[in-house]
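My questions will all concern the structure given below.
The values are calculated or read from the model by the stated rules, or taken from the named source; none is laboratory data. Keep in mind that what you see is a predicted model, and the values were worked out from it rather than measured. Glycine gets a Cβ as well: all are built from the backbone with ideal geometry, and neighbour counts include every protein chain shown. Ligands, DNA and RNA are excluded from the accessible area calculation, which covers all protein heavy atoms including side chains. Shrake-Rupley method; radii C 1.70, N 1.55, O 1.52, S 1.80 Å.
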Amino acid sequence: MTQPNQRSKTTRHHWRRDLVELAALFCAVAVADAIAKLVVRGPRGPVMLIASAVALLLTAVFHTWWARRHSHAPPPEPTAPSDTGVPAAPSGSTSLWRMRTTVRDEPGSLAALCTALATHRVDILTLQTHPLAEGGTVDEFLLRAPQELASPEVMRAVAEAGGHSTWMERADAHDLVDTPTRVLGLATRTALDAAELPLALRQLLGRCTIHSLPATTLSGRPNAAADAPVEGVLEATVMRLRDPSGGAITVERPYLPFTPTEFARARALVELDARLGPRVPRSQDVLTLPEGNEITVRRADSADHRAALAMHERCSPRTLSLRYHGPVSDADRYLGHLLSPRFGRTLAATTASGKLVALGHLLWDGDETEVALLIEDEWQRRGIGSELLRRLIAMAVEAGCDSVYAVTQASNTGMVAAMRALGLPLDYLIEEGTLVITARLDATPVRSRLPYELPYEVPYERPRPQH
């Protein structure tokens, strides 16, 4: 930026130049007038007058060109000398990194760490400090580094500056969102949908494994592993929180211990879920089948337990065997788990009279995600299963899942065909007569034929489409 004194000097310089040019112009006019009078009285006056006019025109053109090129050219920007001794950042490509390291809680520790990063031309985009109970702090950085700079070199520089227990991984553009904004977004999603709590915890804490342990086992006995105090438990790389719906939520991150700040944020999300109680988005879509019947697709929860149990009673033993990979003696115990929003998301298909005829489940299984379908016998082979599966896959993509798997039997040609119709890369594995089909979601997301409300949007009743 130009300083004020420099601007005043430049202004005075322009006024002097304009006065000189104006004086020169008057002198040129006076000289031209004298020459014209002298020439006109001579023997070849008109020719000399024309020649002088041409010479004057050429002089004016040359003066204009010279003034534009030299006198009015903007001065070069002054370059301030660098007194830091740090070379300028390269203009080449860069990469984003997330780094976490532990430093001593002493004045100057963080400054030494930042200086070490600066000497390697590493730009610090964001910084979070997590105080530790036993002293010291855990500093979490989002860094932009030259592409050719390897992570071991950065970690070595951090160690020489006093950092220890350092961890680094690649970051992407999503990490550029500041932490308060990200936490508020996760809280909003959790407030709108109870099934979002496990996903919100995973996005808050990074790569981790989350297990929801029910308060009772399938046999009806109390689950001793699900006993957690109200205030929760933090043990280095394991975090245990009391589930508001009963049982406990266990979060494990073996590669990096949790900090008290992360534990407090996770517990705040769980407390928010407890205060709001059971909730699912109530949006719905109407699907017209080829024969003209209309089916309503919506989210389901524990309130649909009785209708789901009645549908199980109408299904044939073969249909139940293909879904549960064997005979089902008591579907009531399975449905309590499947319809709970804590363990995943469930879609229900109902007829115009409100009868439940199909269920589609997207189940969180630790680091993996399972999809499952159950279609009542007389409603099979009508496209309901394919529509539910496409919507479940769209939910998995939105939740950030890398893959989903379906467990079925090789004789279940309907499920196999529906998975193949997704157009995604599939892996097949047969174990003891059971077929496991895994779909990788890193390809183009599969979209449903009808739009579906994302769980973090404000739910509303969708108007009935016209056909």
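Over the heavy atoms of Phe343, what accessible area does a 1.4 Å probe trace out, to the nearest 10 Å²?
Answer for Phe343: close to 30 Å² accessible.
Would you mind computing, in nm to one decimal, how far apart the modelled labels at Asn223 and Tyr324 are, each placed 7 Å from Cα along Cα→Cβ?
Spacing of the two 7 Å Cα→Cβ label points: 1.8 nm.
A further question follows. May I ask you to derive the relative contact order of segment 112-209, considering only C-alpha pairs under 8 Å and at least 6 residues apart, and to give it as an integer percent?
21
Right, next: Starting from one equal scatterer on each C-alpha and no solvent at all, send me the Debye-based log10 I(q)/I(0) for segment 134-219 at q = 0.14, 0.16, 0.20 Å⁻¹, two decimals.
-0.74, -0.87, -1.09
Just need the relative contact order of segment 118-162 here, percent rounded to a whole number, with Cα pairs under 8 Å and 6+ apart.
35
Continuing with this model, one more query. What is segment 348-452 by shape, rounded, prolate or oblate, if you read a ≥ b ≥ c off the alpha carbon gyration tensor as root eigenvalues and call it rounded for a/c under 1.5, prolate for a/b larger than b/c, and oblate otherwise? Please list the in-between numbers first.
On the way: a/c = 1.75, a/b = 1.23, b/c = 1.42.
Judged from the Cα gyration tensor, segment 348-452 comes out oblate (a/c at least 1.5, b/c at or above a/b).
Given 0.36 nm per residue, what is the gain on full extension from Leu429 to Leu276 after removing their alpha carbon distance, in nm?
Details: separation 153, 0.36 × 153 = 55.08 nm, distance 4.14 nm.
Extra length from Leu429 to Leu276 when fully extended: 50.9 nm.
Follow-up. Relative contact order of segment 147-293, please, whole-number percent, based on alpha carbon pairs below 8 angstrom and at least 6 residues apart.
Numbers: 164 pairs, mean separation 30.6, N = 147.
21 percent.
Oh, and also: On a 1.4 Å probe surface of the protein chains, which of Ser212, Ser302 comes out largest in accessible area, and what is the full order? Mind showing how you got there, number by number?
Details: Ser212 25, Ser302 80 Å².
So, going from the largest accessible area down, we get Ser302, Ser212.
About its Cα centre, how strong a charge dipole does segment 236-372 have in debye, to the nearest 20, once Lys and Arg get +1 and Asp and Glu get -1 at the Cβ? Write out the running numbers ahead of the final one.
Details: 18 positive and 17 negative charges, 69 e Å.
Dipole of segment 236-372, to the nearest 20 debye: 320 debye.
FRET efficiency for Gln128 and Gln380, Cβ-Cβ distance as r, R0 = 51 Å, nearest 0.05?
Values: r = 52 Å, r/R0 = 1.03.
Computed FRET efficiency for Gln128 and Gln380: 0.45.
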